[in-house]
Amino acid sequence: MLGPKPVGCQTENWLLDPASYWRKIGVHLPSDLPSLVDPVKPLWVDGYSTYHGCNDRIPVKASGQIPVPCG
């Protein structure tokens, strides 16, 4: 990888070196996964539904809990 290459809200993007190739050097077991992920906060507010869906609405009082998208 040559370095970070964020595009808009996609801050996780990296620029790959086209002159290099990926090589498999090992494996992880499913039991390894919890140690490989970053802790995250909930992305949205659950628990408020309409007649037509599940978790498809939020009350105005909860709207301040939703992260504002970038850009």
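The values are calculated or read from the model by the stated rules, or taken from the named source; none is laboratory data. This one's a predicted model, so the numbers in the text were calculated from it and none came from an experiment. With ideal geometry, Cβ positions are generated from the backbone for all residues, glycine too; neighbour counts draw on all protein chains shown. When the accessible area is computed, the model is the full protein with side chains, heavy atoms only, and any ligands, DNA or RNA have been set aside. Shrake-Rupley method; radii C 1.70, N 1.55, O 1.52, S 1.80 Å.
Computed values, structure above
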| item | result |
| --- | --- |
| Filter pass, Pro59 being open to solvent by less than 100 Å² (accessible area, probe 1.4 Å), modelled with pLDDT under 90 and of a type outside the set (Asp, Glu) | yes |
| Members of segment 39-56 that are surrounded by 10 or more Cβ atoms within 10 Å (Cβ to Cβ) and touching a residue at least 12 places away in the same chain (Cβ under 8 Å) | Trp44, Val45, Tyr48 |
| Where Pro6 falls short, out of the listed (1) open to solvent by 100 Å² or more (accessible area, probe 1.4 Å); (2) modelled with pLDDT of 90 or more | (1) |
| Residue match in segment 11-34 (condition: closer than 30 Å to Met1 by Cα, open to solvent by less than 100 Å² (accessible area, probe 1.4 Å) and touching a Lys or Arg at 6+ places or on another chain (Cβ under 7 Å)) | yes |
